[in-house]
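Here's the structure we're looking at; comments come further down.
What follows draws every value from the coordinates through simple rules; no lab data is involved. Small disclaimer: the values here were computed from a predicted structure and weren't measured. Don't worry about glycine lacking a Cβ; one is built from the backbone with ideal geometry, like all the others, and counts go over all protein chains shown.
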Amino acid sequence: MENNGLPHGKAMKMGPQNGLQFLPTVQESLVEQDVWAQLSEFYVRSAHVIPWRTRGSREHLEFIDPAIESWLGLPEKNWYLQGFWSDRVHPEDREAFLAFTRGEALETGLHLHRYRMLTQENEAIWIQEVSCVRPISPAERLICGMFIDVSREQELTEEVLRISNFERERLGQDLHDDFCQNLAGIACLSKRLEQNLQKDSPANAEFAKEITDQINEAVNRVRALSHSLSPLQLEDGELVECLENLVRETEQRSGVICSPSLDPTVQVDSPDTRLHLFRLCQEAIRNAVSHGKASQVSLCLVRQDHSLCKLTIQDNGRGFPDRPTSHEGLGIRLMKHRCRQFGGNLTLRNSAQGGAIVECVFSNP
């Protein structure tokens, strides 16, 4: 594996002990060799990158870097046992992980999936799995991949999201408690002006009435915006109720026909997961209306089995571009990012009848 970004033509290749090693393309001296060896050792200690390989089924590994044992405390030989890998996935992420490994992860191409792995002491470590699938015969495929430790990145990301969510909720409360009250007060004054003008100046009274109606409409819009920024029901676990409100507010604001099909028995215990799912729906609907120019949107939340749920947002708009662009839009990146936070498997595709489909499968025992 070459990396032209390294200084002075240094290359990065698979190391024999742990993940990736830095090696000089031109070894100028024994001293430099020793320097690069120390940097390599520091790198692999600081950033765990564990390569693995298999053919056909992901249930039977042909090779995994022995450093997996020192990293997770799990014997290297155990990784060659059928089912061991999936058994070490965190229980809350396991069903989504299995759905990914039995479906998308077997398709030709590059795949990314993030989930938690349990160490020997049952400590949860966030893993970014990167794998590449290539057919080597009509009946056989080669799968090469890496485990990358993203625990620190995950912690920082979650902290950023917590701050972002806090600011959104504070803004929503400020809009509701302050701005809405001020507008409501102005509407009351305008109403009194309208009443005072009724006898002496009916025409001006009609203008005052128009002002009152416009202010009341602004109050309603700001109140709806504050609720979308700070959905209070999510604190009490009412995801379905919040999604129903989201559908109603979308219809009122945009005129788009929204059809909800939400299973009331789906209860998501994790407050963070509830918030991510709600924001994911917000973003998918916003994309459908703003970018897809959809006139109809359907929102469906169902339980697939005892431990898996599926959230689907489908529209009749333009759909996703036929040719992937070099840079995904911010909305799509945000949806993928949110899905990774709770181990969900996100699929984006176009419908055969036209329009886009956003589908998230997640564990919810």
Grab the alpha carbons of the range 123-209, take their convex hull, and tell me the volume per residue in Å³. 205 Å³
Along the positive direction of the dipole of the range 105-146 (beta-carbon charges: Lys, Arg +1; Asp, Glu -1; about the Cα centre), which of Leu112, Ile136, Ile125 reaches farthest? Ile136
What number, in percent, do you get for the relative contact order of the range 57-168 if the mean sequence gap of Cα pairs under 8 Å and at least 6 apart is divided by its residue count? 17 percent
Ratio to report: Rg/Rh of the range 234-365, with Cα atoms as the point set and Rh obtained by the Kirkwood method; give two decimals. 0.95
Positive end of the charge dipole of the range 249-303 (Lys, Arg +1 and Asp, Glu -1 on Cβ, about the Cα centre): tell me which of Ser270, Gln282, Gly255 has its Cα farthest that way. Gly255
Mean projected area (nm²) from the convex hull of Cα positions in the range 82-182 is 9.7 nm²
